Amino acid sequence: MTFTELSSYLDRLESTSSRNELVKILSDLYSKGSPEEIQPLSYLIQGRLVPFFEPVEIGLGEKLVEAALAEAYGKPRDEVAKLYSRVGDLGLVAAELAGAGAGTDISLTEVHARLTEIAYAAGAGSVEKKRSNFAGLLKQADAASAKHLVRMALGRLRLGIGEPTVLDALSFAKRGDRKLRPVLEAAYNRTSDLGMIARTFWEGGEEAVAALKVTVGRPIRSQLAERLPNPEAVIKRLGLVAVQPKYDGIRVQIHKNGDDVRIFSRNLEDFTLMFAELTRAAGALKDETLILDGEAIAYSKESEEYLPFQLTASRRRQHGIEQAAQDLPLIAFVFDILYRDGRDLTEMPYEQRLALVDEVIAGSTVLLPAPIIKTDSAEVLTKILLDNISRGLEGVVVKRPDSPYQAGARNFNWVKLKRHTSGQLNDTVDLVLLGYYFGKGKRAAFGAGALLAGVYDAEKDRFGTITKLGTGLSDAGWREIHERADKLQVDHKPARVDAILEPDVWLEPEVVVEVLADEITPSPRHTAGMVGDQPGYALRFPRIVSFRSADKRPEDATTVKEIAELFRQQRERKVPA
Ligand code: AMP
């Protein structure tokens, strides 16, 4: 397949507003790929060269791309810069400069290889090398290809293709329907690598995909927690439970392979360097191979307190990692073990896994076991919940002692009970920003008045709107929204978004905010949970509590299913039985 062919598919993907079309175009594209092409193809359509968990970015800055454009098309730098300020998108600038020239037929695999070489160039002279190599690539590209190459290089190829859409497309490409999605999805939950799954599928079919195993070095999709309204409901539904503090930090999956330690966040980013003290602590453990799951949290030596999420996350923005490690040391509460010395432990009952955690990290002062208390009494559970809240923790996570680790699943094997127990909606929800309305007065200066926010429908891989958001943000918060929104603006409704309301500006779903609201109400204007002529759901009096993009991707936002469940629970509380 040539890169020109790929580009024409990317154009079609970019212009569609329909998710079914997305799947169809992608599956057409996939069915044209050979086994060698399918892996790089899978990464390129997501604007990547490698799976998300590998920290390799093409990562050219705007200035470098401008210089490469000037070199490729023989234009003065300031002319390119002027064009950019007129058009506002360097991809379109590239297309304009490339003009109608045909371009040569470079293969997709060659483009992938050459972009990889650019990404890896390092050391003295590497900036010039990146520029001239990229310019060389542009010279050979036709207009559409140049546009997509530039967007890929800047990390701005946003086609809104979520993993479920890719998995559906793979299934369609091979057998014309969605039936293989569960096998593909299970493999994705174990390996987090779409490219490898696609290649395996092309080479060895369904059986080979089913045989893909958990591996050290490839993150496993995190098991997630359901919600229930109160301790009574928890005991009624689960019976005997293991209760653990809920730490408000950042989820970390720690992989150890001999001296090689890697740390992944819940949204599959590589945090190995950033969380250097955890990496060192894991490296010092005795076992050769391990996968541990836990929550990293910053600890203040002065106040002898665990710090809330926002402060833990601020570690990501600090430049001097070693200094940050001194000022705000991190520890991790380890609450699970998924792999040890060559053996996948995910099928083992939770209680036994936790006993292994104690054994594996014994003696470490940085990796600490998350304690559990077992109970089948709602009274005891209430006491533990209140006790944890009074100690400044978020609440508790309650787990079934006999449950396996179900990668990527959100079910009642784990249930979270949080603070805010007095309000009607006693828990926060995570929403994705989908658009904004121009503001008036002071807010207009920050570029956004109200925000349109939505939740995720995991089955359909779509986002439905649930509320407008206007309060809860500081001026700095609005500014941050504005800055991010600038990069996410799209000129039509993204294909995965369902909406009746039309904001002034659509955003590619990416920014996740944590929101507290008073109540969920039925609404004919919002599409979250809307089926046929049944209304959707809306939030009353929503206010933003924090930004969660540091640890959550849009697909990690609260789901329509959770909202429906919260609505049901809320109704039950209102109408006493
Ligand atoms: P939420 O982000 O509100 O859906 O809550 C689930 C998150 O709580 C997990 O992804 C973890 O990051 C975090 N967490 C904190 N403490 C625990 C614990 N003891 N067990 C499981 N998850 C925990």
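Picking from residues in the stretch 248-273 that are within 16 Å of the ligand (Cβ to nearest atom) and not in a strand (DSSP E or B), the one that is nearest to LEU330 (Cα to Cα) is GLY249. Scanning the stretch 349-370 for residues that are away from the ligand (no atom under 15 Å from the Cβ) and open to solvent by 50 Å² or more (accessible area, probe 1.4 Å) turns up GLN352, ALA355, GLU359, ALA362, GLY363, THR365. Taking into account only those residues within the stretch 371-423 that are of a type in the set (Val, Ile, Thr) and within 14 Å of the ligand (Cβ to nearest atom), which is most open to solvent (accessible area, probe 1.4 Å)? Once the filter is applied, the top-ranked residue is ILE373.
Scanning the stretch 172-209 for residues that are in contact with a Pro (Cβ under 7 Å, 6 or more places away or on another chain) and not in a helix (DSSP H, G or I) yields SER192, ASP193. Number of residues in the stretch 527-558 that are among the hydroxyl-bearing types (Ser, Thr, Tyr) and open to solvent by less than 20 Å² (accessible area, probe 1.4 Å) equals 2.
So which residues in the stretch 56-71 are charged (D, E, K, R) and either assigned to a helix (DSSP H, G or I) or crowded, with 23+ Cβ neighbours inside 10 Å (or both), if there are any at all? Selection gives GLU62, LYS63, GLU66, GLU71. ARG262 meets each of the listed conditions (1) over 23 Å from LEU393 (Cα atoms); (2) in contact (Cβ under 8 Å) with a residue 60 or more places away in the chain apart from (2). Residue count for the stretch 339-348 under the criterion of being open to solvent by less than 60 Å² (accessible area, probe 1.4 Å) and under 26 Å from the mean Cα position of the chain (by Cα): the result is 3.
Let's see how each residue does on (1) at pLDDT 90 or above; (2) part of a loop (DSSP other than H, G, I, E, B); (3) within 16 Å of the ligand (Cβ to nearest atom); (4) more than 20 Å from the chain's Cα centre (by Cα):
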{"residue": "THR527", "(1), (2), (3), (4)": "yes, yes, no, yes"}
{"residue": "SER549", "(1), (2), (3), (4)": "no, yes, yes, no"}
{"residue": "ILE563", "(1), (2), (3), (4)": "yes, no, yes, no"}
{"residue": "ARG568", "(1), (2), (3), (4)": "no, no, no, yes"}
{"residue": "GLU572", "(1), (2), (3), (4)": "no, no, no, yes"}
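The number of residues in the stretch 467-522 that are open to solvent by less than 10 Å² (accessible area, probe 1.4 Å) and of a type in the set (S, T, N, Q) comes to 1. When the residues of the stretch 232-241 are filtered to those that are more than 10 Å from LYS416 (Cα to Cα) and open to solvent by less than 20 Å² (accessible area, probe 1.4 Å), the one that is nearest to the ligand (Cβ to nearest atom) is VAL241.
All of (1) in contact (Cβ under 8 Å) with a residue 60 or more places away in the chain; (2) more than 16 Å from LYS487 (Cβ to Cβ); (3) open to solvent by 60 Å² or more (accessible area, probe 1.4 Å) hold for PHE53 with one exception: (3).
The values are calculated or read from the model by the stated rules, or taken from the named source; none is laboratory data. Worth saying up front: this structure is predicted, and the values here are computed from it rather than measured. Cβ sites come from the backbone with ideal geometry, for glycine too, and all protein chains shown count toward neighbours. Remember, those area values only see protein heavy atoms, side chains included, never the ligands or the DNA or RNA. Shrake-Rupley method; radii C 1.70, N 1.55, O 1.52, S 1.80 Å.
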